[in-house]
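Just so you know, all these numbers are worked out from the coordinates, no wet-lab data involved. Bear in mind that the values here come from a model prediction, so they are computed numbers and not experimental data. With ideal geometry, Cβ positions are generated from the backbone for all residues, glycine too; neighbour counts draw on all protein chains shown.
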Amino acid sequence: MARRTDDATQMVGSTQLKVLQSPTDSSPYKEMDWSWVWTTHPNGIPYKQSLTSYAPNVRVFGQDFNGSWTGSQVAWSNVGGGVQTLNSITDGTANTLGVIEKQMVTGLGTLTWANYTLSGTVGSFNGAHVWATTDITDALIPFFGTTCNDPNSAADDVYGVYNRANCRFGNTDPNEYFHPPSRLLIPSQQRHHNIYPFTSGGVQAVMMDGSVKSITTSVNIRAWSASVTPRGGEAESIN
């Protein structure tokens, strides 16, 4: 993480950018304390890292790690650091999700990050979305595309399955299935790896061709999943 050359009291991600924060995001705060032992603030206080309301599709912008995708690998194995070309999106750019709305803060508590430690959590799945920083827990990284959902079972319909190596279910189905946007839960029940709508109209998403779609919480799981993978070969797509 780089400190700004024009202002030593701020890091690159300290400035709140309106373009990265949705006006309909009702998160309780828009920035959080951030510090490492090797970063020294001129005033002896933690740096501020601002938050974002938008999350990229790690399946498009990343690459797998030893054949698997998990949230923890996004954070610590550089899974999100891949290189993508439009020609490699063989499912079609109009059918592939690029970026979605994802609230800046999930859960209760005011989170802080210092030296590999996330503090201020109330429960196990609190999270926030900082930008322009590295070496942090997956609970603070904005992304989606690693939470799975078995289409043949209702057991994981509320929260999905997180940190599963892949999102294939069964021995004969080659497709992967992901947890779609779900109904908005009260903060104490929210989990950082799920997608919750800002409004009753659903979640706004940017497809890889630049078009914008509104996706409701009633979206078909197979259609949603087909739109997450850029090279899955699925026939279904989000209308």
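So the values come out like this:
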item: Long-range neighbours under 9 Å by Cβ, at least six apart or interchain, first residue touching a residue at least 60 places away in the same chain (Cβ under 8 Å) within region 122-149, second charged (D, E, K, R) and not in a loop (DSSP other than H, G, I, E, B); result: Gly127/Asp138; Val130/Glu31; Phe144/Arg59; Gly145/Arg59; Thr146/Arg59; Thr146/Asp138
item: Top-ranked residue of region 32-66 - restricted to ones that are more than 17 Å from Ala2 (Cα to Cα) and among the charged types (D, E, K, R), ranked as surrounded by the fewest Cβ atoms within 10 Å (Cβ to Cβ); result: Asp64
item: Segments classed as strands (runs of 3 or more DSSP E), wholly inside region 97-172, with at least 3 members that are over 13 Å from the mean Cα position of the chain (by Cα) and either closer than 12 Å to Ala55 by Cβ or not hydroxyl-bearing (Ser, Thr, Tyr) (or both); result: 122-128
item: Residue list for region 215-239, restricted to those being assigned to a loop (DSSP other than H, G, I, E, B) and hydrophobic (A, V, I, L, M, F, W, C); result: Val219, Ala235, Ile238
item: From Lys30, Lys18, Lys48, residue being touching a residue at least 60 places away in the same chain (Cβ under 8 Å) and among the charged types (D, E, K, R); result: Lys30
item: Filter result for Val74 (in contact (Cβ under 8 Å) with a residue 60 or more places away in the chain, aliphatic (A, V, I, L, M), under 24 Å from Lys48 (Cα atoms) and not in a loop (DSSP other than H, G, I, E, B)); result: yes
item: Every residue from region 137-178 that is of a type in the set (Val, Ile, Thr), out of contact with any strand residue (DSSP E or B) (no Cβ under 7 Å at 6 or more places or on another chain) and under 15 Å from Ile195 (Cα atoms); result: Ile141, Thr146, Val158
